[in-house]
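For reference, the structure is listed below as structure tokens.
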Amino acid sequence: MPSPNSRGTSSPIALIPASPTASLFRKKSPSAMSTAASYLSAVSQADARARKLTDADSTTSTPALSLSSSVTSSSADTILNETSFHANDDGLSYPKVPPTSEQVFQTVHSEFGHCGNGSFRFNSGHQKGEPLKGVEEQEPPHFVLLTTYLSYLLLIILGHIRDFVGKRIRPAAYKHLMNQDGYMALNSDFDSFYTRRLKMRIDDCFSQPTTGVPGRTILLLDRSSPDYNLTYVPTGTRTRALNVSSYNYLGFAQGSGGCADAVEESINKYGVAACGTRLEAGSLDLHVQTEALVARFIGMEDSLISSMGFATNSTIIPALVSKGCLVISDELNHASIRFGVRLSGANVRMFKHNNMEALEQLLREVISQGQPKTHRPWKKILLIVEGLYSMEGTLVNLPVILELKKKYKFYVFIDEAHSVGALGPHGRGICDYFDINPRSVDILMGTFTKSFGAAGGYIAGNKNIIDRLRVSGHTGTYTEVMTPPVLTQIMASMASIMGVAVPQDNKSVVPAHVLAYPGPAPSTALPTWMPLVPAMIDGSDGKMRLRRLAFNARYLNRALRRLGFITFGHDDSPVVPLLLFNPGKMPVFARLMRTRATPIVVVIVAYPATSLITSRVRFCLSASHTKEDIDTLLTACDEIGDLLDLKQAIGERWPLKEIMDRAVEIVNMKEMP
Amino acid sequence: MSTTTAALEPVFTFLSYSYATLETSFYKIPGSHVIARYVRSSHQNDPGRTVLEIMLFIFAVRTLLQSRTRADHSGKHFIKFDEKEINDLVEEWSPEPLAADLTPHEQAELAAVPVISGPTGPKPKLITGKTVLNLASYNFTGLAGNETINEKAVEVLRKYGLGSCGPPGFYGTQDVHIQLEKDIADFLGTESAILYAQAFSTIPSVISAFSKRGDIIVADRGVNFAIQKGLQISRSTIRWYDHNDLHSLEQVLESVERERRKKNLPLTRRFIITEGIFDHDGLISDLPKLVELKNKYKYRLVLDESISFGSVGRTGRGLTELFNVPATQVDMLVGSVATGLASGGGFCAGTCHVVNHQRINGTSFVFSAAMPAMLAVAGSEGINILRNTPSILTTLHENVRAIRAILDKVDAITIPSHPASATIHLHARIPSPTHLSPNAPPSPSLSSSGKLSNPLSVIPRDPPYYDYDLEEKLLQDVVDECLAQGVMVTRSKTLRKQELAEVRPSIRLAVTAALSRKDCEKAANVIKAACTKIIGKRR
């Protein structure tokens, strides 16, 4: 079994030239577009405050080089590539507090944060029998609502004025929006109005190019726009920022460590591609092994994998339902589900997000009415919900749905794209979280992008269903297979979460009760060549990740509310939406975050992904974040929240210092009053 | 009488006073004058107009208040039941099983799928322990298992990890993705290109990003399943032309134009959608003629080069290189990084406007995680290799010629595929009473009978007759026989009930440059023997 250090030379490829100057004082990149003088002064104020705070905190920090014992040799590349070699005031590349001699961390701090404090852990799980309580969705004050609507009105009016004037002064710039030469415009000015006149203003907050591992921190390739976000020019500099945007719930986005070693081994053995489709000679033994392991992980009889998460829904749903069937869909379901349902030709009815009364009422209506016009009974009814809603942070009320299922005999399809790995004491997703037998659900779908640091998706269910999907789904016949490195990453990360049951001697078999759901993976289920580090075999690595994520999620959710922000979702959700409401606050929030002394990248979301008024910023937490990272984020939110007047929630508020000091207490509270 | 008036006097005074107060306070509200003027001008001394305005206002408010998810009780088909009746109906209803069990035929088909143990390549080992010659996997240029690519992949793994952990809009765009997009655009000679995470999901997304309800798509009757799904999801008006028959295309274009003039319809977006090399039978589109027609009738051309990119042309640039047509003449050029460059994902190349539009409107681009960095770099490296080693494509085409030289002479099969195509489809040739000329390729020649097919229907006028089940079974037997003789080939799998038009069963060979000419000839002879033995016996 090769040790993690036994890999060969790995010089980093320099696709983008590194920053030419490693200046002693960190230069702020002027990447953000300043729109007003007030915004500029706000930036400098927030910056100055943040600097003061970091300076005070970092008095105990030691020079970077003395920490080399705390990182593995593989991190040398990362250190040398670091643009701000001398400056560690942001705590992103090295921990602010050096580890003690007993603490040995195997990870690179910028990918997976060092956290030795055992009290910053929590077990995710729902108390059986208790009703599922989400955060009460608070309405903002009427003033905020009014200004939000007015903002949109203003933006739309200004946009139309600009279009009107622009078309007359610079017709060349509008040429592609006009019919010309007998061709209709590909994109009319009316259709693209929202994109051109509203999104374009804040476009610098989207599609930021990055490089390196999208782990705990992320390296941004700075850019500037000479023409108000129409085009971008790379400035050549890079900024390392705290990453609360990538889907990396369990922190498996790593360029080093057990999973990466396994993937390297697989590239040496299998190469990069598998060529072809599953049914046309593209099947590898790795596919078969991965499907078996995924089924065991999920707790289902069998599973089917697909090389793209989006396509898992869009190509499988048409094989499950067809004309004469009904799909009942939560109104906030993901685009891929809608895409798949539209292709299937089945009827669709939607119910209010997570509202079980509305669902039951709808069920009673559709079953009693039957198909439209003919009133024939439905062939079957499929309820499609998500385990964890990625824009809301809400959990599906699974216990109630299963109660309803008994009575109304519909089938349940749960999209666990965000919940698998991220929820439950064993990381097995929403069923594990509620301590429900996964086989009481008909179909569990999920993706490997979010929690496993891989790509693609799976469908798990009974063997006869999965076999049917293998034959009738579009995946097996038409789509390219998943590539070997991705398969290996999935198997290694899953084994890491599950732990591996190695028989005592070669002859004996691991007893079935040890392997029962949610137990460890039998070593026979993994390829023999796969290197496994001890922390993966005993499951301690996976356990640590699960518990750190659960702590982080609960801490941030509750702390933000204690600070007075309006948030959505459930306390245990690693997706935390913070409501901004006013469209103008979105770019300012993102730019202020990005230009802080410790830069933070965030995702801002607005219409049409949300309703018009509930523009929000969304944090995606990870097991790789340390408590200090959450504190950094909270400090930033606190300051910017004051600046932008975001603390609109009613209820008890604590000062930031108190929240940070009593973090463990906050997390362990059964229910936060 | 006067007493009543007198008694009511204070009431009138009060009324007129309160009216005056209301009016003044109303005019104090900013903007109220505008409303008053609007009401006055719309009234125009005609109460009917005011009533109409009020009704419109109420209707607008009602529409706004109606919830999207509200249950529809208002339709005339709604039957009112009481609670007990509903309970009974719920009790009574029994759904079909979620998925039908596999038939023995399907079970056998699933069991017959070969599984490779270890890496794929020209001579993979199967889990049965047998090492076979591989003419089934899409590995035209032999890039799978390339050492340089593998080394690069390991470097990228150490620098980027594996997954991209986010959609392109939310920090999932990495420099390597931008690099591959640039490489593809440079390689093909287009302004720009956009990467999708899966080849199959690329074209449905491209089609639905541009073509909406009311737009017109003229498509080939033989287009692949992915395009069919794109057409379905776009909800556009679709006209079909006969498979790879550009006369038929011209007639359809002409008829659409005639219809537009006759009904005086407004201008809509119009697209011609077809494939470079057809997935279903390996025919090659006549690109220069296509470009001529699309320019003449002012259509935009969407060309699916999923098979042709990386398999034809001097350096594998695809159909545009083969016919020496600038790629800028194709408005949306869709290709597969997975098939063409032995990596993963797909792309769409075109002008900056075409590409940028997809970055916001391409469903499977926006809502899906970006492809792993490693696969993007493998793609870039693949392009590098193709650019610098034109001999790969020469070898590939020599192999194609060698195999065709042997298989073209086999009596038991017909080959519809174009001689230059690296995918070769074999149809079983069984004499049948209704199909008098079994030599003819399935559909293209049929429209020459003089009468036109109905452009509204995907089924051509005289659909070719063949015994689907029998041919499928014979071909599967050939596949099994070849495998027993050490050559892996596969039937071209299609979803029979889900494809718009039935696709004739075929064996699909994917020739690779990684095999030597001798191995190719050996494999072709094995296939020849199997075909003669199994199909020939039937004849």
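Side notes on the structure shown:
- Checked against (1) farther than 28 Å from residue A:453 by Cβ; (2) crowded, with 23+ Cβ neighbours inside 10 Å; (3) of a type in the set (Phe, Trp, Tyr), residue A:607 meets all criteria but (2).
- Residue under evaluation residue A:247, criteria (1) more than 9 Å from chain B (Cβ to nearest Cβ); (2) out of contact with any helix residue (DSSP H, G or I) (no Cβ under 7 Å at 6 or more places or on another chain), criterion not met: (1)
- Qualifying residue in segment A:278-291 (condition: within 11 Å of another protein chain (Cβ to nearest Cβ) and under 20 Å from the mean Cα position of the chain (by Cα)): no
- Out of A:304, A:320, A:242, one residue alone is surrounded by 24 or more Cβ atoms within 10 Å (Cβ to Cβ), away from chain B (no Cβ under 11 Å) and farther than 26 Å from residue A:518 by Cα. It is A:242.
- Conditions (1) more than 16 Å from the chain's Cα centre (by Cα); (2) surrounded by fewer than 16 Cβ atoms within 10 Å (Cβ to Cβ): number failed by residue B:235: (1)
- Within segment A:357-390, restricting attention to residues that are polar (S, T, N, Q) and open to solvent by less than 30 Å² (accessible area, probe 1.4 Å), the residue that is farthest from the other protein chains (Cβ to nearest Cβ) is A:390.
- Evaluation of residue B:170 against (1) crowded, with 24+ Cβ neighbours inside 10 Å; (2) within 25 Å of residue A:288 (Cβ to Cβ) (one fails), failing number: (2)
- Scanning segment B:81-130 for residues that are facing chain A (nearest Cβ under 7 Å), closer than 22 Å to residue A:323 by Cα and assigned to a helix (DSSP H, G or I) turns up B:89, B:90.
- Check on residue B:255, open to solvent by 20 Å² or more (accessible area, probe 1.4 Å), in a helix (DSSP H, G or I) and of a type in the set (Gly, Ala, Ser): yes
- Filtering segment B:133-156 to residues that are within 22 Å of residue B:395 (Cα to Cα) and not polar (S, T, N, Q) leaves B:133, B:135, B:136, B:138, B:140, B:142, B:143, B:144, B:145, B:147, B:149.
- The residues of segment B:183-206 that are in contact with a strand residue (DSSP E or B) (Cβ under 8 Å, 6 or more places away or on another chain), more than 11 Å from chain A (Cβ to nearest Cβ) and either open to solvent by 10 Å² or more (accessible area, probe 1.4 Å) or part of a loop (DSSP other than H, G, I, E, B) (or both), listed by number, are B:188, B:190, B:191, B:192, B:195.
Here is a yes/no grid of residues against (1) open to solvent by less than 30 Å² (accessible area, probe 1.4 Å); (2) under 29 Å from residue B:120 (Cα atoms):
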{"residue": "B:299", "(1), (2)": "yes, no"}
{"residue": "B:331", "(1), (2)": "no, no"}
{"residue": "B:354", "(1), (2)": "yes, no"}
{"residue": "B:362", "(1), (2)": "yes, no"}
{"residue": "B:377", "(1), (2)": "yes, yes"}
{"residue": "B:391", "(1), (2)": "no, yes"}
{"residue": "B:401", "(1), (2)": "no, yes"}
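- Residues of segment A:406-416 classified as out of contact with any His (no Cβ under 7 Å at 6 or more places or on another chain) and either outside any helix (DSSP H, G or I) or at pLDDT 95 or above (or both), total: 7
- Any chance residue B:396 is outside any strand (DSSP E or B) and either modelled with pLDDT of 95 or more or away from chain A (no Cβ under 14 Å) (or both): yes
- Scope segment A:201-239; condition open to solvent by 20 Å² or more (accessible area, probe 1.4 Å), of a type in the set (D, E, K, R) and part of a loop (DSSP other than H, G, I, E, B); matching residues: A:227
- Residue B:138 vs. criteria facing another protein chain (nearest Cβ under 7 Å), within 30 Å of residue B:521 (Cβ to Cβ) and crowded, with 16+ Cβ neighbours inside 10 Å: yes
- Taken together, B:264, B:244 contain a single residue that is without any contact (Cβ under 8 Å) to a residue 40 or more places away in the chain, farther than 23 Å from residue A:474 by Cα and open to solvent by 10 Å² or more (accessible area, probe 1.4 Å), which is B:264.
- Looking across segment A:152-183, just one residue is more than 18 Å from residue B:356 (Cβ to Cβ), open to solvent by less than 70 Å² (accessible area, probe 1.4 Å) and within 9 Å of chain B (Cβ to nearest Cβ), and that is A:182.
- Pairing residues of segment B:349-361 that are facing chain A (nearest Cβ under 9 Å) with residues that are at pLDDT below 90 and surrounded by fewer than 17 Cβ atoms within 10 Å (Cβ to Cβ), at Cβ distances under 6 Å and at least 6 apart in sequence or on separate chains, gives B:360/A:195.
The values are calculated or read from the model by the stated rules, or taken from the named source; none is laboratory data. Predicted model, so just to flag it, every value in this text is computed and none were measured. Reconstructed Cβ throughout: ideal geometry from the backbone, glycine too, with neighbour counts over all protein chains shown. All accessible areas refer to the heavy atoms of the entire protein, side chains included, with ligands and DNA or RNA removed. Shrake-Rupley method; radii C 1.70, N 1.55, O 1.52, S 1.80 Å.
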